1. May I ask you to verify whether Phe57 is surrounded by 13 or more Cβ atoms within 10 Å (Cβ to Cβ) and farther than 18 Å from Glu111 by Cβ?
2. Would you mind stating whether Ala25 is out of contact with any helix residue (DSSP H, G or I) (no Cβ under 7 Å at 6 or more places or on another chain), assigned to a helix (DSSP H, G or I), surrounded by 11 or more Cβ atoms within 10 Å (Cβ to Cβ) and not polar (S, T, N, Q)?
3. Hey, any hits in the range 42-53 for a residue that's exposed (fewer than 11 other Cβ atoms within 10 Å of the Cβ), polar (S, T, N, Q) and closer than 18 Å to Arg105 by Cβ?
4. Surrounded by 12 or more Cβ atoms within 10 Å (Cβ to Cβ) and more than 13 Å from the chain's Cα centre (by Cα): which single residue out of Arg83, Arg9, Arg69 fits that description?
5. Report every pair of residues separated by at least 6 positions or lying on different chains whose Cβ atoms are under 6 Å apart, first residue within the range 1-24 and modelled with pLDDT of 95 or more, second assigned to a helix (DSSP H, G or I).
6. Out of Pro53, Pro48, report the one residue that is part of a helix (DSSP H, G or I) and at pLDDT below 95.
7. Do we have Ala66 as closer than 17 Å to Pro112 by Cα, part of a helix (DSSP H, G or I) and in contact (Cβ under 8 Å) with a residue 60 or more places away in the chain here?
8. So which pairs qualify, if the first residue must be in the range 26-48 and farther than 17 Å from Met14 by Cα, the second must be outside any helix (DSSP H, G or I) and of a type outside the set (Lys, Arg), the Cβ gap must be under 8 Å, and the two must be at least 6 apart or on different chains?
Amino acid sequence: MSTAPNLGRHIPPMPERSAKALRAAIAKHTPELLDGFDLNWETAINKPHDLAPQHAFMARWWVEFAIARDPELDRQVTELEARAAEAADKDTAMALLEQASHLRREAGKAEPGQ
């Protein structure tokens, strides 16, 4: 995850890497994400013979929970994306989005229990 120190904040651990465990963690720690999770899950499972949507679903929501469970990280990503949306030039916007993308990639590396 992020190389920034935890600074005594309680950050819930990542769940087992399954949709059921991830949903339970979201419901408990970041319930504001639950409606989006459930809606996206319905789309992912409607193609039972194609596992790609299910893999994409888990990758997306793993990162979403990894960020949302840490209010400081969530604030950083949200701020970077907002600043990029308001940037006066393309290069600044791209640099800000790259920073946000880096934080998202790092968050996605979290392992169960971390």
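1. Working: surrounded by 13 or more Cβ atoms within 10 Å (Cβ to Cβ): yes; farther than 18 Å from Glu111 by Cβ: yes.
When the stated conditions are applied, Phe57 passes them.
2. Details: out of contact with any helix residue (DSSP H, G or I) (no Cβ under 7 Å at 6 or more places or on another chain): no; assigned to a helix (DSSP H, G or I): yes; surrounded by 11 or more Cβ atoms within 10 Å (Cβ to Cβ): yes; not polar (S, T, N, Q): yes.
Against the criterion (out of contact with any helix residue (DSSP H, G or I) (no Cβ under 7 Å at 6 or more places or on another chain), assigned to a helix (DSSP H, G or I), surrounded by 11 or more Cβ atoms within 10 Å (Cβ to Cβ) and not polar (S, T, N, Q)), Ala25 does not qualify.
3. Within the range 42-53, none of the residues are exposed (fewer than 11 other Cβ atoms within 10 Å of the Cβ), polar (S, T, N, Q) and closer than 18 Å to Arg105 by Cβ.
4. Working: Arg9 fails: surrounded by 12 or more Cβ atoms within 10 Å (Cβ to Cβ); Arg69 fails: more than 13 Å from the chain's Cα centre (by Cα).
Answer to the check: Arg83.
5. Pro12/His29; Pro15/Ala21; Pro15/Leu22; Pro15/Ala25; Leu22/Trp61
6. Numbers: Pro48 fails: part of a helix (DSSP H, G or I).
Result of the check over Pro53, Pro48: Pro53.
7. Numbers: closer than 17 Å to Pro112 by Cα: yes; part of a helix (DSSP H, G or I): yes; in contact (Cβ under 8 Å) with a residue 60 or more places away in the chain: yes.
Against the criterion (closer than 17 Å to Pro112 by Cα, part of a helix (DSSP H, G or I) and in contact (Cβ under 8 Å) with a residue 60 or more places away in the chain), Ala66 qualifies.
8. none
The values are calculated or read from the model by the stated rules, or taken from the named source; none is laboratory data. Bear in mind that the values here come from a model prediction, so they are computed numbers and not experimental data. Every residue, glycine as well, gets a Cβ built from its backbone with ideal geometry; the counts of neighbours run over all protein chains shown.
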